[in-house]
1. Just how large is the dipole of the stretch 238-286 about the Cα centre, in debye to the nearest 20, putting +1 at every Lys and Arg Cβ and -1 at every Asp and Glu Cβ?
2. May I ask which of K16/K189; K16/K194; K189/K210; K154/K189; K111/K154 have a Cα-Cα span longer than 31 Å here?
3. What distance in nm separates the two pseudo spin-label positions at N321 and T198, each 7 Å out from Cα along the beta-carbon direction?
4. Please compute the net charge surrounding H166, taking Lys and Arg as +1 and Asp and Glu as -1 over other residues with Cβ under 9 Å from its Cβ.
5. Modelling each spin label as a point 7 Å along the Cα-to-Cβ direction, I'd like the H381/A225 distance in nm, to one decimal.
6. In the stretch 199-276, if the dipole is taken from +1 on Lys/Arg beta carbons and -1 on Asp/Glu beta carbons about the Cα centre, which of A209, G236, G252 is farthest to the positive end?
7. Computed FRET efficiency, Cβ-Cβ of R250 and D277, R0 30 Å: what is it to the nearest 0.05?
8. Mind ordering 209-218, 161-170 by average Cβ neighbours within 10 Å, highest first?
Amino acid sequence: MSRAKRRSEVSAKPDKSTIINAAALQDHLARSLTLDLRLRPRRPRKATIQSRENMSASNSEYRCVWVCETCTFENNERPRSSTCGRDSDRCSACGTQRNEQLQHRLTLAQKRGLVKRPPPKLTRDEWEDCEQQAEARGDTQHPCSICRESFGVKEQVILSCSHMFHLACITSFERFLRTNQRVCPLCRKQNYQKRNTTMASAFHRDYSAKRIQAVLRGFLARRQAAGLWQKFYSSGKGDPIRRRQFFANRVGKTTDRLVTAMSKRDDSIDALLAEFDKSLSMSRRVFQDNAPETETDPATGASFPGGDDWLAIFNKAKARNESECAICINSFGSSMAGVSLLSCSHAFHSQCLSAFEDFNIYEVSLCPVCRASYRSQTWLHVAQIASQTR
């Protein structure tokens with residue numbers, strides 16, 4: 001009985017390979033999902049530390065280069081700086097962007113064949129096949145799938161799954177990706193490879209050149225067509241009705257050009273005269289303070305306040321037929337005694353206007369209605385002068 005029990009216990013124990021496979025799968029999933037297991041790090045031995053220091057010293061002494069995948073040119077490794085930016089990661093011979101594909105070490109699950117290994121680097125023929133697939137699918141004509149803008153002449157990359165993106169867009173997408181494994185934004189292919197391409201830039205230049213040529217050819221054809229039609233109808237050929245209509249249109253266009261030119265000339269003259277009037281008004285404002293308090297009409301000899309056309313102001317205020325003060329909202333009265341007339345043609349009670357000026361916070365007195373600077377005269381005095389001029 002004891003021997004049978006021991007055999008059952010031995011058979012119940014799991015195989016060591018099964019335990020290793022399970023641990024390898026857990027480690028692979030944890031690394032792929034960037035899970036923090038917070039395991040206690042193993043203290044390295046002194047011999048391991050010394051060997052690593054020796055390797056780092058030997059590597060620092062050896063020249064650091066990286067090989068371009070396009071032209072196989074060896075470029076010196078240069079540290080990045082804020083001034084260089086991405087220019088330090090370009091090939092000195094062909095200008096191709098350096099492939100920043102992270103070459104992760106194989107996990108234990110991948111080494112034991114439990115998980116598929118990353119695909120090997122594509123050859124030049126395979127990259128050409130990817131570009132042909134993208135061109136056949138029309139990716140060069142469509143916008144970038146990330147930013148939804150046309151590729152234009154910006155830097156583009158093509159992935160090993162034959163999808164194209166802007167270099168800045170795919171770099172930003174990779175930066176904010178939450179997993180260590182790179183995934184294509186469209187087909188979700190993992191561990192893809194990318195390479196610089198100029199397919200979309202070439203298509204954009206070709207399309208732009210065709211558009212420019214089409215516009216230029218249309219312009220030249222339309223300009224030559226008018227001369228050809230005129231030569232054709234001038235020789236007496238063609239339908240008489242269409243010939244008459246063609247020359248009528250030519251005469252109408254000539255007339256429109258003449259009218260436009262004359263209107264522009266008139267507008268320029270009007271603008272010049274308006275500028276003269278503006279300068280004259282500004283000059284009058286400058287010398288308005290030095291104007292005499294009263295002036296004499298040469299025709300009648302009547303004296304009236306100077307500096308403004310008070311007769312026109314009085315007639316304008318009288319035509320408005322205002323019967324109450326805008327400050328106190330009381331009527332003026334039939335005799336209009338104690339009423340002041342402003343140079344802006346508004347009338348107020350003299351006491352109301354005086355009180356308003358006492359509480360004025362501005363350096364220049366402004367009209368309570370139109371907010372314009374003014375000079376005031378009594379209504380009866382201006383009315384008397386107006387009656388004398390008649």
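Laboratory data are not the source of any read-out in this text; all were calculated from the coordinates shown. Values in this document were obtained by computation on a predicted structure and should not be read as measured data. So basically every Cβ, Gly included, is an ideal-geometry build from the backbone, and we count neighbours across all protein chains shown.
1. Computed about the Cα centre, the dipole is about 260 debye.
2. Where the Cα-Cα span goes over 31 Å, the pairs concerned are K16/K189; K16/K194; K189/K210; K111/K154.
3. About 8.4 nm separates the two model spin labels.
4. It works out to a net charge of -1.
5. 7.6
6. G236
7. Calculated transfer efficiency: 0.15.
8. 161-170, 209-218
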